[in-house]
1. For a test of the definition: using alpha carbon positions, the gyration tensor, and the 1.5 limit on a/c, classify the stretch 209-288 as rounded, prolate or oblate.
2. How large is the convex hull of the Cα atoms of the stretch 154-194 per residue, expressed in Å³ as a whole number?
3. Simple spin-label model, 7 Å along Cα-to-Cβ: residue 432 to residue 324 in nm?
4. Cα gyration tensor of the stretch 434-492, axes a ≥ b ≥ c as square roots of the eigenvalues: rounded (a/c below 1.5), prolate (a/b > b/c) or oblate?
5. Under 8 Å for C-alpha pairs, at least 6 residues apart: give me the relative contact order for the chain, rounded to a whole percent.
6. Past 26 Å, Cα to Cα: identify those pairs from 136/164; 312/393; 68/361, in the order given.
7. Could you give the length gained on full extension between residue 344 and residue 446, defined as 0.36 nm per residue of separation minus the Cα-Cα distance, in nm?
8. Within straight cross-link reach of residue 278, meaning Cα distance under 17 Å, which aspartates and glutamates are found once same-chain residues fewer than 8 apart are removed?
Amino acid sequence: MCIIFMPMKNYQDKNLISFKQSALTYAENSEVYAPLVRAMENYKNSPCTGFHIPGHNRGEGVLDDFAKLIGIDALNLDTTDEFDNLGTLFPSTGAIDEAQRLASECFGSKRTFFLTGGSTIANLALAFGVTSPNQKIIIGRNCHRSVLSGMIISGANPNWLMPKKLNDWAIYGAISPCDLRNELENNPDTSLVWVTNPTYEGVVSDIEAISQVCHEFNVPLIVDEAHGSLWNFSDVLPKSALKCGADAVVHSLHKTGGSMTQSSMLHISKNSRFDVHKIEHALKLLHTTSPSLLLLTSLDASRAFLSSKMGKCAIENAIDNALYFRERALKIDGVRVLNSVSNVAFDVTKIFLKVDGLSGKRLESILELDFSIEVESASDEGILVLSNIGNKKEEFDVLLNALETISKRNYPDLAYLEGIKFMPLTAPNVVMTPREAYFSKKERIKKEDAIGRVCAEVIALCPPGISVLLPGELILEEHMPYLSDYSEIEVLVK
Ligand SMILES: Cc1ncc(COP(=O)(O)O)c(C=O)c1O
């Protein structure tokens with residue numbers, strides 16, 4: 001058995017399951033009404049003779065072992081929009097439209113789009129829809145690489161805003177509203193601000209203050225809240241940017257919200273300065289034309305679940321478990337947890353910790369190999385543990401016991417891991433826009449010969465997908481330790 005502290009686990013709390021069984025079903029209780037779930041149930045129960053895609057025709061035309069592996073229901077429900085009265089995504093019609101409207105109401109947006117290409121597609125569509133060539137845009141440097149890909153598509157000119165650094169933990173911290181104000185004063189031609197909140201490790205920026213600064217300068221604000229999709233549903237968690245004056249907000253519901261992998265939402269806020277139609281148009285151009293109904297339905301189910309009593313209970317459990325774990329972990333010799341840093345705001349459900357004498361990578365592999373525990377990620381310094389809506393308290397006890405054993409056993413760190421470095425946390429040396437560099441003549445050269453050359457590729461280790469080097473940036477000696485996975489690098493031809 002393997003214990004997993006990552007997003008997207010099954011709902012397992014026994015009390016909640018009995019609550020689920022005895023009290024509520026989505027169809028009976030308007031509080032958890034999920035129109036797309038209901039439409040899919042009708043679809044499942046009304047087989048018809050079909051001559052349309054997907055060609056496997058409800059699981060008839062697939063490898064037997066595959067059908068057994070994933071279950072015939074999954075194949076039966078694997079369909080796309082346009083068919084069987086389920087509605088369409090673009091334009092939004094039928095049950096899909098109803099589900100999106102309920103999500104919009106629930107999150108308090110003007111418009112919410114369901115997406116099956118993850119938050120990546122949301123960021124790409126925002127870049128494509130609301131930015132244009134050479135427009136100056138202030139972007140937090142800890143953005144996901146999809147924001148950068150968006151800059152390559154649109155040709156906009158990113159002006160990188162460096163978040164605070166938490167050097168002891170080798171991670172980025174919050175974006176300072178004061179730094180943003182300075183940047184806006186120095187760059188009055190800025191047309192957009194784009195920040196990521198929370199960070200992957202759960203550090204939270206003051207989005208209310210950031211939004212206020214943006215409003216003072218009359219510049220719209222996008223918040224990539226990919227890792228904050230639970231915030232709308234709990235007063236204990238930080239406030240969602242949708243309630244803080246942001247113009248557009250991105251949510252990876254699939255990361256922590258309980259929807260299926262690749263499903264996300266893009267919200268345009270009620271007072272947004274963006275033209276919704278432009279964003280919708282960009283989505284139409286970029287999004288698949290065959291969205292998986294399973295993924296769309298899982299978004300509807302996730303919204304309904306999170307806003308239900310059961311969902312609220314599951315979120316409370318996740319928060320309580322996280323607080324319990326944090327308190328006990330801090331008592332273990334040599335274990336340090338990021339929340340001990342003063343003046344830093346957190347999402348408590350994201351727990352970044354380290355054990356003295358072990359790199360994060362080494363700790364991750366010990367947990368995996370010796371204790372069958374899988375955490376969300378590891379870096380030079382520490383590991384990231386997520387307290388999810390699908391985790392049980394007993395699972396945290398297993399992790400605590402493992403950490404206690406590790407702290408006593410004196411595991412040696414491994415030399416080969418010492419060279420690994422994840423994030424340089426240095427300000428980039430920008431020579432040209434990402435788009436200019438991306439479409440320039442390139443060559444691949446040995447990493448050692450690349451110092452002093454202009455990078456032509458996106459180098460962003462995933463997770464968390466934050467960039468080490470981007471097209472158009474000067475490669476320096478200081479980048480070398482972070483390129484251990486690379487023997488060659490693509491650079492611009494001189
Ligand atoms: C901050 C942030 N934004 C966007 C994304 C992309 O999300 P997805 O994997 O849903 O495409 C990620 C992925 O890790 C992320 O961390």
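Just so you know, all these numbers are worked out from the coordinates, no wet-lab data involved. Bear in mind that the values here come from a model prediction, so they are computed numbers and not experimental data. Positions of Cβ are backbone-derived with ideal geometry, glycine not excepted, and every protein chain shown enters the neighbour counts.
1. It is oblate, given that a/c is not under 1.5 and a/b is not larger than b/c.
2. 85 Å³
3. A separation of 5.7 nm, rounded to one decimal place.
4. On the way: a/c = 1.73, a/b = 1.14, b/c = 1.52.
Note, shape of the stretch 434-492 comes out oblate.
5. Over the chain, the number comes to 18 percent.
6. Over 26 Å apart, Cα to Cα: 68/361.
7. 32.7 nm
8. By straight Cα distance, residue 278 reaches 247.
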